[in-house]
Amino acid sequence: MLLYPRCCWTNMLGMFCVRAFGLAGCRTATCARSLHTLPGITVAQIDEEVAKLLELKAKLGGDEVKHQFVLKTAKGTRDYNPKQMAIREKVFSTIISCFKRHGAETIDTPVFELKETLTGKYGEDSKLIYDLKDQGGELLSLRYDLTVPFARYLAMNKITNIKRYHIAKVYRRDNPAMTRGRYREFYQCDFDIAGQYDAMIPDAECLKIVHEILSELDLGDFRIKVNDRRILDGMFAVCGVPDDKFRTICSTVDKLDKMPWEEVKKEMVNEKGLSEEAADQIGEYVSMQGGRDLAERLLQDQKMSQSKQACAGLSDIKLLFSYLELFQVTDKVVFDLSLARGLDYYTGIIYEAVLTQAGVAQVCSEAQNGAPSEESVSVGSVAGGGRYDGLVGMFDPKGRKVPCVGVSIGIERVFSIMEQKAEASAEKVRTTEVQVMVVSAQKNLLEERLKLISELWNAGIKAEVMYKKNPKLLSQLQHCEESGIPLVAILGEQELKDGVVKLRVVATREEADISRADLIDEIRRRTTEA
């Protein structure tokens, strides 16, 4: 009968036992001695193998060898220091304020979804989805965007009418370009309107929201490109693109903002199998840009007018521009037939906001050590969206559709530009919101400082105190200047006798004695004015 061990002396010996003799779970020295009970195994053989293992252990350095690892963040991710977080919070505040101004409420969804929920919704970009390791249960993936989880949420909760915003992280297994604000983990800020409404009214509001946010953030010159999936599909049809190639050709057209037409055409013909004649006809159309006048012209076009689908899209573009004129945003909106947006779930109007090279250079020229460029060239999308009337129906058991339209702000690119602006500006970025610092002018006043700061905290005043019993007055004042704290409440023996607090304005160094009873109101008044 095989004897089992009680004490373990090395993992390597245990592996030897398992592999050589099939003793699963046996990882001890005494197990080696008990192996002689097996037929055909001698103690001498065991001692010889143990000696080999001990020699190997010595070469590897024994238990003292520690695994060396590089201290870094994962590829496509980054940390944010307090200054960067202050900038992010300011941007988020601007965006959320706009969303709320337009009547949106907020929701949240899990960071991972069932894999089948995300599969087949993103066209060729589906390969960028992060799949999680099977833990013996559900097959899961990290969310790729916030739109598909939103559609799943609507179908699951049988919601047919909602205006919502959602700000959260999403994940894409993409090739990161950190300097251009392109990451594998990043925030999206989404605004969506779900429900059955008259054509183009909610769509126009989404474009108005993009215009408001980009204008308020002061990122420089921008353009909002608009198109319609029905126009694209109609264009492909009249140009001779086979029905089964619509989506793949659409994905190729979507690359026009990154590749010249010659390369796009080459991909269509050589990789996607499209005829050169069809590609040339597509090239004529995707070079067109304009406004409502272009939509009217295309409605009279000999080829486009043959497609009912394209005509419906062009009529909606005309209607959209009439609403945009009322919203006074047409100066930044352009009807661009090259805009495709490769996601499969779009069914109607699509749009994308891009910053121009000239605008970014003008805002960030000092940070980039260069003068503003005269040439207006797109430097990347900062917002995008469109109408997706069929997505919710994909999740509904009865296939009931809920019309939806929305926009997503590409916040990471915005952050990159805002950080450049902060570097170029002489203005200091505050990383805290402290309104007043409680300091002492003499020693042995810790208790009095703590009493006063407690009163301020209880009144909702943002206040700070130095964590030393007897800090030097100069050190306390320097901390206020470095941190941007606007006011200093100074306590001294004389102030305590008189029942006052000396309130100092850090920027001007003006001081005034304020009675203890009036201190809170005075701090509120001064910080409100500032």
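The values are calculated or read from the model by the stated rules, or taken from the named source; none is laboratory data. The structure displayed is predicted, hence computed values, not measured ones. With ideal geometry, Cβ positions are generated from the backbone for all residues, glycine too; neighbour counts draw on all protein chains shown. Areas reflect the complete protein model, heavy atoms only, side chains present, ligands, DNA and RNA absent. Shrake-Rupley method; radii C 1.70, N 1.55, O 1.52, S 1.80 Å.
At-a-glance table
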| read-out | value |
| --- | --- |
| Output for the range 513-527, where each listed residue is surrounded by 12 or more Cβ atoms within 10 Å (Cβ to Cβ) and not in a helix (DSSP H, G or I) | Asp513, Ile514 |
| Of all residues making up the range 244-273, the number that are part of a helix (DSSP H, G or I) and either open to solvent by less than 50 Å² (accessible area, probe 1.4 Å) or within 27 Å of Met200 (Cα to Cα) (or both) | 17 |
| Condition broken by Gln135, with the remaining ones in (1) among the polar types (S, T, N, Q); (2) open to solvent by 60 Å² or more (accessible area, probe 1.4 Å); (3) not in a loop (DSSP other than H, G, I, E, B) satisfied | (3) |
| Members of the range 402-429 found to be modelled with pLDDT of 90 or more and either surrounded by fewer than 17 Cβ atoms within 10 Å (Cβ to Cβ) or polar (S, T, N, Q) (or both), listed by number | Ser408 |
| Yes/no for Cys364 being modelled with pLDDT under 90, more than 23 Å from Ser287 (Cα to Cα) and open to solvent by less than 10 Å² (accessible area, probe 1.4 Å) | yes |
| The range 407-434 residues that are in contact (Cβ under 8 Å) with a residue 24 or more places away in the chain, paired with ones that are among the β-branched types (Val, Ile, Thr) and assigned to a strand (DSSP E or B) (beta carbon under 6 Å, 6 or more apart) | Gly410/Val382; Arg413/Val382; Val414/Val382 |
| Which listed residue is closer than 28 Å to Lys83 by Cβ and either β-branched (Val, Ile, Thr) or in contact with a helix residue (DSSP H, G or I) (Cβ under 8 Å, 6 or more places away or on another chain) (or both), from Val434, Val500 | Val434 |
| Out of Glu124, Glu116, sole residue that is in a helix (DSSP H, G or I) and touching a Ser or Thr at 6+ places or on another chain (Cβ under 7 Å) | Glu124 |
| The range 471-481, subset part of a helix (DSSP H, G or I) and without any contact (Cβ under 8 Å) to a residue 40 or more places away in the chain, residue least open to solvent (accessible area, probe 1.4 Å) | Gln476 |
| Members of the range 299-342 that are in contact with a Lys or Arg (Cβ under 7 Å, 6 or more places away or on another chain) and open to solvent by 60 Å² or more (accessible area, probe 1.4 Å) | Gln309, Lys318, Phe327 |
| Selected residue (only one of Thr94, Thr117, Thr106 is open to solvent by less than 60 Å² (accessible area, probe 1.4 Å), closer than 26 Å to Thr347 by Cα, more than 15 Å from the chain's Cα centre (by Cα) and in contact (Cβ under 8 Å) with a residue 12 or more places away in the chain) | Thr117 |
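Quick grid of which residues meet (1) within 24 Å of the chain's Cα centre (by Cα); (2) outside any loop (DSSP other than H, G, I, E, B):
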| position | (1), (2) |
| --- | --- |
| Glu427 | no, no |
| Arg430 | yes, no |
| Ser454 | no, yes |
| Gly460 | no, no |
| Lys469 | no, no |
| Ile485 | no, no |
